[in-house]
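> Sharing a structure here in structure tokens format.
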Amino acid sequence: MNLRVTSESLKRASQRASELYTEIFSELESRRVDPGVTREEMRTMFSNSINEKGVGLDQALEEFSEKVLPNSMGTPHPLYFGLVNSSPLPAGPLADLLVSSLNNNGGAFHQSPAMSATEQEVIRAFAGLCGLGAETSGMILPGGTFANLQGLMLARQAHFPSWSTDGPASLDGRPILYRSDVTHFCNDRAAHVLGIGQTGLVRIPSQGRGEIDLGHLEQQIQRDRAAGHLPFAVVANGGTTGTGALDDIDSIADICKRHNLWLHVDACYGGGSLLLEPRLSEFQGIHRADSIAIDPHKWFFIPMTAGILLTPHHQLERETFDIAASYIPSGGDAVDPFRRGLPTSRRSSGLTIWMTLRAHGWNAIREAVERNIRLTRFLEELLFDAGFRVLEGGKLSIACARWEPAGVEAVVLDQLQTEIAQTVIDSGRAWFSTVKHEDEIWMRLNLVNIHTQDHHIDTLAKLLSETARQCAVSYD
Ligand SMILES: Cc1ncc(COP(=O)(O)O)c(C=O)c1O
């Protein structure tokens, strides 16, 4: 086997990688936000590039510089107001290089002793942030989709222990899971995987910016019970993806307590705001949750992928997931992660989170979260002053706005918002998406970025105003 790697060539390559790393950070604004390339161009560029013979580290790194870097989304760019993809804190990518080099399997302590310990420390720290006790169990998973699924699997096990042996046939009614109509779609997918079907997933109407209607939720639970169904869990939103709405978690916890339901909180996006002092009132009661999904790779500025599931129900984790394998050494008294969660092999993302938090501390993240929120409210003000309609009541880092020239019919107005967004994206100067809220299309500007400053907000507001006016001309 000829890997063509000597310690000299490794040193040279890692120096080049480190130059590229520095370039990515320091020259963020010299590149377009959206690279403006087509699928076909990319397919042509990379097709047949994997062959019997490799090109060597130096050449592969040059190709990264020439082909990958200019054709990548500028996610960390200060004018990326996109999906909930954050800009990583500097320690994160460095930690990732080392995590991959060690390649310890986070599935079991004996395969990753130091990394398992750092994961435990991360779990302790995040549990503390949510007001959960020192005994809280948790696991780092590849993102919020998995964390929500794992939480809801625990909920199903808690209420229907016979399911694991006899499946849904063991029940004498229809299991019901509640969520608001604006809850992230991955919770629907979780319900699908759980096997409760579309009819087992009840969508409760939301109001205002997207908060679940509490009265409606409770009445629906009562109606379902009376009809002989088997309600078992409620998903509460600690920040919706579309508009950043916050459910009143404490009141939902009261409802769950009254009706003996599992409370799962999806704080994947909004969880970063738990660092605010004082904390937003909607998060009061989060410590009463049976499970919480919270994503370090969103508003904690950790590189993808890193989601966390927290739960106080240790024994249940094991009941839900434990399957012993004779070829894996036992973990002694402690139950290894591969026996109490979905994954078997696991990247040791705990170490990436630990190193990032160790290097930068909560304060750096808190400051960035506070700045993101302040700048989002500033953006709303500027847009309002420029004549945009702005969605009221925002508390997190999502601003929603519409440009509504007089006399234009509703369906065309919706098209106009999409056209403005696309024109800005095509310019390469900023990136954002649109969202449907209460049957209208809104421009959705979401800030989860450590680099964005006041002057970027000025730039964006001007760009939006100019683009909106220019796009609206064709509708006059
Ligand atoms: C509120 C919320 N929950 C869950 C998810 C899914 O998380 P992931 O993309 O990490 O799987 C997202 C993604 O944006 C989200 O915003």
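> Give me the residue from the stretch 179-196 that is in contact with a Pro (Cβ under 9 Å, 6 or more places away or on another chain) and without any contact (Cβ under 8 Å) to a residue 60 or more places away in the chain and, out of that set, nearest to HIS437 (Cα to Cα). Lay out the reasoning, then the answer.
Of the stretch 179-196, the ones in contact with a Pro (Cβ under 9 Å, 6 or more places away or on another chain) are 180-181, 194-196.
Okay, now just the ones that are also without any contact (Cβ under 8 Å) to a residue 60 or more places away in the chain, so 181, 194-196.
Values: ASP181: 11, LEU194: 28, GLY195: 29, ILE196: 27 Å.
The qualifying residue nearest to HIS437 (Cα to Cα) is ASP181.
> Output yes when any residue across the stretch 66-75 is in contact with a strand residue (DSSP E or B) (Cβ under 7 Å, 6 or more places away or on another chain) and over 27 Å from ARG12 (Cα atoms), and no when none is. Before the answer, list the steps.
Let us first name the residues in the stretch 66-75 that are in contact with a strand residue (DSSP E or B) (Cβ under 7 Å, 6 or more places away or on another chain), namely 74.
Then drop every residue that is not over 27 Å from ARG12 (Cα atoms), which leaves none.
No - not one qualifying residue is present in the stretch 66-75.
> When only residues in the stretch 124-137 that are of a type outside the set (D, E, K, R) and at pLDDT below 95 count, which is farthest from the ligand (Cβ to nearest atom)? Step through it out loud before you land on a result.
Pass one, the stretch 124-137, residues of a type outside the set (D, E, K, R): 125-134, 136-137.
The next check asks that each one be at pLDDT below 95; those that pass are 133-134.
On the way: GLY133: 24, ALA134: 26 Å.
Step by step, filter the stretch 124-137, then rank; the result is ALA134.
> Still on this structure, I have one more. Quick one: is THR352 within 30 Å of THR136 (Cβ to Cβ) and surrounded by fewer than 18 Cβ atoms within 10 Å (Cβ to Cβ)? Outline the logic, then answer.
Details: within 30 Å of THR136 (Cβ to Cβ): yes; surrounded by fewer than 18 Cβ atoms within 10 Å (Cβ to Cβ): no.
When the stated conditions are applied, THR352 does not pass them.
> With the requirement that a residue be part of a helix (DSSP H, G or I) and surrounded by fewer than 16 Cβ atoms within 10 Å (Cβ to Cβ), what does the stretch 189-208 give you? Please lay out each step first, then the result.
Within the stretch 189-208, the first condition is being part of a helix (DSSP H, G or I), and the residues that meet it are 189-194, 198-200.
Within the stretch 189-208, ARG189, HIS192, VAL193, GLN198, THR199 meet the criteria.
> For the stretch 62-96, what are the residues that are at pLDDT below 95 and not aliphatic (A, V, I, L, M)?
If we filter the stretch 62-96 for residues that are at pLDDT below 95, which is where we start, we get 82-83.
Scanning the stretch 62-96 gives a single hit, GLY82.
> How do the pairs read when you match residues in the stretch 142-164 that are over 13 Å from ARG318 (Cβ atoms) and away from the ligand (no atom under 12 Å from the Cβ) with residues anywhere that are among the charged types (D, E, K, R) and open to solvent by 20 Å² or more (accessible area, probe 1.4 Å), using Cβ under 7 Å and keeping only pairs 6 or more apart or on different chains?
Short answer, once both residue conditions are applied: ALA155/ASP290; TRP163/ARG156.
> Considering only residues that are touching a residue at least 24 places away in the same chain (Cβ under 8 Å), more than 28 Å from ILE398 (Cβ to Cβ) and either open to solvent by 10 Å² or more (accessible area, probe 1.4 Å) or charged (D, E, K, R) (or both), which ones fall in the stretch 223-249? Explain how you work it out, then say what you get.
Start the filter on the stretch 223-249 by keeping residues that are touching a residue at least 24 places away in the same chain (Cβ under 8 Å), which leaves 224-225, 228-249.
Pick out the ones that are also more than 28 Å from ILE398 (Cβ to Cβ) and you get 224-225, 228-232.
Those that are touching a residue at least 24 places away in the same chain (Cβ under 8 Å), more than 28 Å from ILE398 (Cβ to Cβ) and either open to solvent by 10 Å² or more (accessible area, probe 1.4 Å) or charged (D, E, K, R) (or both): ASP224, ARG225, GLY228, HIS229, LEU230.
> A further question on this structure: If I ask for residues that are within 16 Å of PHE81 (Cβ to Cβ) and acidic (Asp, Glu), which ones from the stretch 363-380 would you list?
Going residue by residue through the stretch 363-380, those that are within 16 Å of PHE81 (Cβ to Cβ) are 368-369, 371-380.
GLU380 - this is the single residue of the stretch 363-380 that is within 16 Å of PHE81 (Cβ to Cβ) and acidic (Asp, Glu).
> Do the conditions hold for THR305, that is, is it open to solvent by 10 Å² or more (accessible area, probe 1.4 Å), part of a helix (DSSP H, G or I), of a type in the set (Ser, Thr, Tyr) and closer than 22 Å to ARG346 by Cα?
Numbers: open to solvent by 10 Å² or more (accessible area, probe 1.4 Å): yes; part of a helix (DSSP H, G or I): no; of a type in the set (Ser, Thr, Tyr): yes; closer than 22 Å to ARG346 by Cα: yes.
No, not satisfied.
> Hey, another quick one. How many residues does the stretch 453-465 contain that are over 18 Å from VAL390 (Cβ atoms) and open to solvent by 90 Å² or more (accessible area, probe 1.4 Å)?
Counting residues in the stretch 453-465 that are over 18 Å from VAL390 (Cβ atoms) and open to solvent by 90 Å² or more (accessible area, probe 1.4 Å) gives 1.
> Just one of (1) away from the ligand (no atom under 16 Å from the Cβ); (2) open to solvent by less than 10 Å² (accessible area, probe 1.4 Å); (3) in a helix (DSSP H, G or I) trips up ILE252, so point out which.
Tallying (1) away from the ligand (no atom under 16 Å from the Cβ); (2) open to solvent by less than 10 Å² (accessible area, probe 1.4 Å); (3) in a helix (DSSP H, G or I), ILE252 fails exactly one: (1).
> Sticking with this one: Going by the conditions given, is GLY210 out of contact with any Leu (no Cβ under 6 Å at 6 or more places or on another chain) and closer than 23 Å to ALA364 by Cβ? Talk me through it step by step, then tell me what you get.
Values: out of contact with any Leu (no Cβ under 6 Å at 6 or more places or on another chain): yes; closer than 23 Å to ALA364 by Cβ: no.
So GLY210 does not fit the description; no.
> Exactly one of these conditions fails for ALA169: (1) in contact (Cβ under 8 Å) with a residue 12 or more places away in the chain; (2) open to solvent by 10 Å² or more (accessible area, probe 1.4 Å); (3) in a helix (DSSP H, G or I). Give me its number.
That leaves (1) as the condition not met.
> Restricting the search to the stretch 116-135, which residues are within 27 Å of PHE185 (Cβ to Cβ) and either assigned to a strand (DSSP E or B) or open to solvent by 10 Å² or more (accessible area, probe 1.4 Å) (or both)?
Residues satisfying the conditions are LEU129, LEU132.
> Follow-up question, since we're still on this one. Residues in the stretch 439-476 that are not in a helix (DSSP H, G or I) and not aromatic (Phe, Trp, Tyr): how many? Full working, then the answer.
If we filter the stretch 439-476 for residues that are not in a helix (DSSP H, G or I), which is where we start, we get 439-453, 476.
Filter again for not aromatic (Phe, Trp, Tyr), leaving 439-441, 443-453, 476.
Matching residues across the stretch 439-476 total 15.
Rundown of residues vs (1) part of a loop (DSSP other than H, G, I, E, B); (2) within 30 Å of THR434 (Cβ to Cβ), yes/no style:
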site	(1), (2)
VAL5	yes, no
ARG12	no, no
LEU20	no, no
ARG43	no, yes
GLU63	no, no
GLU66	no, no
PRO88	yes, yes
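> Further, regarding this structure: May I ask you to say which residue of SER291, SER397 is buried (at least 18 other Cβ atoms within 10 Å of the Cβ), within 16 Å of the ligand (Cβ to nearest atom) and under 30 Å from ARG469 (Cα atoms)? Show your work before the answer.
Values: SER291 fails: under 30 Å from ARG469 (Cα atoms).
Every option except SER397 fails the conditions.
> Considering only residues that are open to solvent by less than 10 Å² (accessible area, probe 1.4 Å) and among the hydrophobic types (A, V, I, L, M, F, W, C), look in the stretch 172-183 and name the one that is farthest from the ligand (Cβ to nearest atom).
That would be ILE176.
The values are calculated or read from the model by the stated rules, or taken from the named source; none is laboratory data. Treat the numbers as computed from the prediction; the structure is a model and nothing was measured. Glycine also receives a Cβ, built like all others from the backbone with ideal geometry; neighbour counts cover every protein chain displayed. Side chains are part of the model used for accessible areas, which takes the heavy atoms of the whole protein and leaves out ligands, DNA and RNA. Shrake-Rupley method; radii C 1.70, N 1.55, O 1.52, S 1.80 Å.
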